[in-house]
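Undergrad: Shown below is the structure under consideration.
The values are calculated or read from the model by the stated rules, or taken from the named source; none is laboratory data. Quick caveat, the model's predicted, so the values are computed rather than measured. Positions of Cβ are backbone-derived with ideal geometry, glycine not excepted, and every protein chain shown enters the neighbour counts. Each accessible area value is taken on the protein alone, full model and side chains, heavy atoms only, with ligands, DNA and RNA left out. Shrake-Rupley method; radii C 1.70, N 1.55, O 1.52, S 1.80 Å.
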Amino acid sequence: MMVIAFILLCYCCLVIMLWIGWQRLSRQTVPEATAEQMITVVVAVRNEEKNITRLLNDLAAQQYSHFEVIAVNDHSSDASAALLRASGLRNLVVLENEGNGKKHAITTGVKAAKGSVIVTTDADCSLPQQWLRIINRYFQREVVKFAFGGVRMQRDASFFSQLQAIEFASLIGSGAATAAWGRPTMCNGANLAYRKHAFEAVNGYEGNLHIASGDDEFLMRKIFDRYPDGVCFMASAEVVVGTQPQPDVASFLQQRLRWAAKWKFNSSGYTISLALFILASQLVSLWCLASLVIDPSYPVLFLLVLKAVLEGFFLRHVCRFLKVHWRWPALVLLQLLYPVYVVLVGVTSNFVSGTWKGR
């Protein structure tokens, strides 16, 4: 019992540290822009005929003039390529992927980019009008080589999407908070920006092109290793991007398996240690939940309640920033489901990789 209590208390301390890191971001200052840098938005597109028009409309509505869009068709089998070429977006360039997969598609776009700053998002995302204007402000400081922003899971009427939104907020908040401590661990490719010369200096995705996911975190790690002071989180609500929830549990698990599969290729001892500690903490939480059913214990109940309160306190702050609707019932249910899903996905991802759009 002492070991169980120690692990859970250490986990609670970790959540407190994440909250302190998150609070540090509120004191972040962003310089005013003295000029508009040339920005190239690179989007890898594969079978997105249902979403691509919305993205193009959001790009056309940007309150920023000095940018181009390079859409790289990643061997789509639907009407995505035709919709791109028929678009009236004046600064759009459509290319075909020189290789196979998202990393190759982004590399194709970066090679052709005229901008000194590369911004990436996903084809199913929605973008705020001030998106590029705020990103430009962050890159006024030469020290910034890589910046990542918040991503919000779009809300619909289903309770499942609301569960996803809060769970996803925990990933965004954790990545932002660890970056505030100077030890970035995760980011999301739906909202990234980096200097083209930094991408070239670390040879882009060389060394991990064969891995299906990780176009975001592997690149962040390489740039962080080269420029330790050059990675930051963009703590502005005006730069938060919206993305779509998974329609069902099977799709959700496939996505998380794909994301989790990249951890075994991670070169950061710190990040691997943190991931293993989270897995151990959730295993302990699972054991505690099971023990409460078999033999209720007040010390175990206290530890689980303390964990839930601290997580809720942290996540509510993150959700408020992301403009994610907060629901206490969703948090309570996640306390029961999250340990099961983390352990299941964490173990399974070592043997099975998730699929994405037929790959």
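Undergrad: So if I take the alpha carbon set of the range 73-121, get Rg, then get Rh from the Kirkwood formula, what is the Rg over Rh ratio?
TA: Computed over Cα atoms, the ratio is 0.96.
Undergrad: Given the DSSP H assignment, sum -39500 (n - 2.57) over each helix run of at least 4 residues in the chain and divide by its residue total; what's the result at 222 nm in deg cm²/dmol, nearest 500?
TA: It comes out at -16500 deg cm²/dmol, rounded to the nearest 500.
Undergrad: If you don't mind, there's one more thing I want to ask. Using 1/(1 + (r/R0)^6) with R0 = 56 angstrom and r between the beta carbons of Leu336 and Ala35, what's the FRET efficiency to the nearest 0.05?
TA: 0.60
Undergrad: Now for a separate question. Please work out the ratio of the alpha-carbon Rg of the range 273-312 to 2.2 N^0.38 Å and round it to two decimals.
TA: 1.22
Undergrad: Right, here's the next one. Could you work out the relative contact order of the range 177-321? I mean the mean sequence separation of Cα pairs under 8 Å and 6+ apart, divided by the number of residues, in percent.
TA: 21 percent
Undergrad: Suppose a student asked you for the relative contact order of the range 124-231, using Cα pairs under 8 Å spaced at least 6 residues apart; what percent would you report?
TA: 30 percent
Undergrad: How are the C-alpha pair distances of the range 69-203 spread across 10 Å bins, as whole percents from the shortest bin up?
TA: P(r) for the range 69-203, in whole percents per bin: 10, 34, 36, 18, 1.
Undergrad: A further question on this structure: How many percent of all Cα-Cα pairs in the range 1-88 sit more than 17 Å apart?
TA: Of the Cα pairs, 68 percent sit more than 17 Å apart.
Undergrad: Can you tell me what the convex hull of the Cα atoms of the chain projects to on average, as an area in nm²?
TA: The number I arrive at for the chain is 17.4 nm².
Undergrad: On to the next question. Just reorder Leu132, Leu257 by solvent-accessible area, largest first, 1.4 Å probe, all chains present.
TA: In descending accessible area the options line up as Leu257, Leu132.
Undergrad: While we're on this one: How much accessible area per residue does the chain have, in Å², with a 1.4 Å probe?
TA: 44 Å²
Undergrad: Using the Karplus curve 6.51 cos²θ - 1.76 cosθ + 1.60 with θ = phi - 60°, work out ³J(HN,Hα) for each residue of the range 150-163 in order, rounded to whole Hz, and write x for Gly and Pro.
TA: With the stated coefficients, the range 150-163 comes to x, 10, 10, 6, 5, 8, 10, 6, 7, 5, 4, 5, 5, 4 Hz.
Undergrad: Let me ask something else about it. For the range 146-249, state what percent of all Cα-Cα pairs lands in each successive 10 Å bin, counting from 0 Å until the bin that includes the largest distance.
TA: In order of increasing distance, the bins hold 15, 43, 31, 11, 1 percent.
Undergrad: Of Gly204, Ala86, Thr348, whose Cα points farthest to the positive end of the dipole of the chain (charges on the beta-carbon: +1 Lys, Arg; -1 Asp, Glu; origin at the Cα centre)?
TA: Final value for the positive-end residue is Gly204.
Undergrad: Any idea how many Lys pairs in the chain come in under 22 angstrom at the alpha carbon, given 8 or more places apart or on separate chains?
TA: Counting lysine pairs in the chain gives 29.
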